[in-house]
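**Q** Can you keep this structure in mind? I'll have questions shortly.
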């Protein structure tokens, strides 16, 4: 059996305290394909933690049966720093308390440095180019400066995921259907993953801005292809995805077991695990551009009364919510209709039914880029 468990100690930020990163490993190190999965980089998003508990159980059984063919690394709770952030009884874990940064932002883009490392070594063999780029990526990770717990933690998860064929970062939204983010360069090759997971919206982008975890692994492949592709073949060798596992309240054993089964079947289909995955489920959506999303925002503070729910099909101009100003002296004049700019599918909305000015109220995935979209790169996941 190949299953092993390790604990990577993190830098102690105060005397008498310590944290560590727990890692499950399956398969032979260096075997291909390699997949990396983590949950809870936003530590207040719990559904993924339960999904990985079910998946680990399935992988242990597959390992005992000798069915692991690739290498699979699972980090069942990716953010022990965030899990310790409770304020007056509420679990936070989205932003680091010390400096306020989003745990899922600020990951470095090594594209230029990798390109400089490999420029004189690339050739006509795509597989050799992939190996060179992966080695250069890992060299940049090793050189990543570390002088506190947060930076070391960031380097450790990049070390674990950096040379993977597949990187899956499990999240959830506030109130939502299951949806995915994928690199545009991975589509339509990744359509089987979208279909297997039962995604109802799959958002495609080359770069959403801000340095999200998953994009730090997929982005170098298309930027290096842009830089060298006319001369040397550079395929999109890492399929990375953020998987939004519905809403924060969707923590359910049966649902999680189904999601874990879909990951398992995808791994069978892509050669990481032996066995028949069965027929691919019919896709529930096509890929749509991230810059086609209408992020409906509140123009002022007020109560939100929704007229549409996640999963609903929306028409451009349709009123999706009413904003009610409780301070209006005339209640009849207190209501503002919030309308969609696009035809599409509402895939998420805010659980808190009171908004402040400029706050995202709901999200609608449309098929075409918007002419005057909100600055979606600054609206953090």
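**Q** Please determine, in degrees from 0 to 90 and to the nearest 10, the orientation of helix 47-64 with respect to the longest principal axis defined by the Cα atoms of the chain, where the helix direction is its Cα long axis.
**A** Orientation of helix 47-64: about 30 degrees from the principal axis.
**Q** What is the fewest-to-most order of 105, 94, 349 by other Cβ atoms lying within 10 Å of their Cβ? Before the final figure, lay out each step's value.
**A** Numbers: 105 14, 94 17, 349 25.
The most exposed by this proxy come first: 105, 94, 349.
**Q** While we're here: Taking the 0 to 90 degree range and rounding to the nearest ten, how far is the long axis of helix 126-142 tilted relative to the main principal axis of the chain, both from C-alpha atoms?
**A** In the chain, helix 126-142 runs at an angle near 70 degrees to the longest axis.
**Q** Could you give me the radius of gyration and the Dmax of the stretch 1-149, taking only the C-alpha atoms into account and expressing both in angstrom?
**A** Just the Cα atoms of the stretch 1-149 yield Rg and Dmax of 18.3, 59 Å.
**Q** What is the angle, in °, between the Cα long axis of helix 215-228 and the longest principal axis of the Cα atoms in the chain? Nearest 10 is fine, range 0 to 90.
**A** Compared with the principal axis, the helix lies near 70 degrees.
**Q** Moving to a separate point now. Could you work out how far apart the two model spin labels at residue 121 and residue 231 are, taking each label as a point 7 Å from the Cα in the direction of the beta carbon, and quote it in nm?
**A** Roughly 1.6 nm, to one decimal.
**Q** How would you classify the stretch 139-179 from its alpha-carbon gyration tensor, with a ≥ b ≥ c the square roots of the eigenvalues: rounded for a/c under 1.5, else prolate if a/b is greater than b/c, otherwise oblate? Intermediate values should be presented prior to the final figure.
**A** Details: a/c = 4.92, a/b = 1.79, b/c = 2.74.
Taking the square roots of the gyration eigenvalues as a ≥ b ≥ c, the stretch 139-179 is oblate.
**Q** Which of the peptides 33-39, 329-335 is most tightly packed, and how do the rest follow, judged by the mean count of other Cβ atoms within 10 Å per residue?
**A** Details: 33-39: 24.0, 329-335: 9.9.
Packing order, densest peptide first, comes out as 33-39, 329-335.
**Q** Give the peptides 122-128, 133-139, 302-308 in descending order of average Cβ contacts within 10 Å, highest first. Walk me through the numbers on the way to the answer.
**A** Values: 122-128: 12.9, 133-139: 19.3, 302-308: 16.7.
Ranked from most to least packed, the peptides come out as 133-139, 302-308, 122-128.
**Q** Could you tell me how many cubic angstrom of Cα convex hull volume the stretch 179-273 has per residue? Display every interim value, and only then the final one.
**A** Numbers: hull volume 10.2 nm³, N = 95.
Measuring per residue, one finds 107 Å³ for the Cα hull of the stretch 179-273.
**Q** Average the reciprocal distances over every distinct pair of alpha-carbons in the stretch 110-198, invert the result, and give the Kirkwood radius in Å. All intermediate terms of the calculation are to be shown ahead of the outcome.
**A** Details: mean 1/r = 0.0636 Å⁻¹.
Over the stretch 110-198, the inverse of the mean reciprocal pair distance is 15.7 Å.
**Q** Using the scaling law 2.2 N^0.38 Å as the reference, what is the normalised Cα Rg of the chain? Mind showing how you got there, number by number?
**A** Values: Rg = 21.5 Å, N = 381, 2.2 N^0.38 = 21.0 Å.
Against the empirical 2.2 N^0.38 Å value, I get 1.02 for the chain.
**Q** Taking a temperature of 4 °C and a viscosity of 1.567 mPa s, what whole-number D in µm²/s does Stokes-Einstein yield for the stretch 290-378 with Rh from Kirkwood over alpha carbon pairs?
**A** Working: Rh = 13.1 Å.
So the translational diffusion coefficient is about 99 µm²/s.
**Q** Additional query: By DSSP, what percent of the beta bridges with both residues in the chain are antiparallel, rounded to the nearest 5? Please list the in-between numbers first.
**A** Numbers: 43 of 68 bridges.
Rounded to the nearest five, the antiparallel share is 65 percent.
The numbers here are math on the coordinates, done by the rules we state, and not lab data. Computed from a predicted structure; not experimentally measured. Quick reminder, even Gly has a Cβ in these numbers, built from the backbone with ideal geometry, and neighbours come from all protein chains shown.
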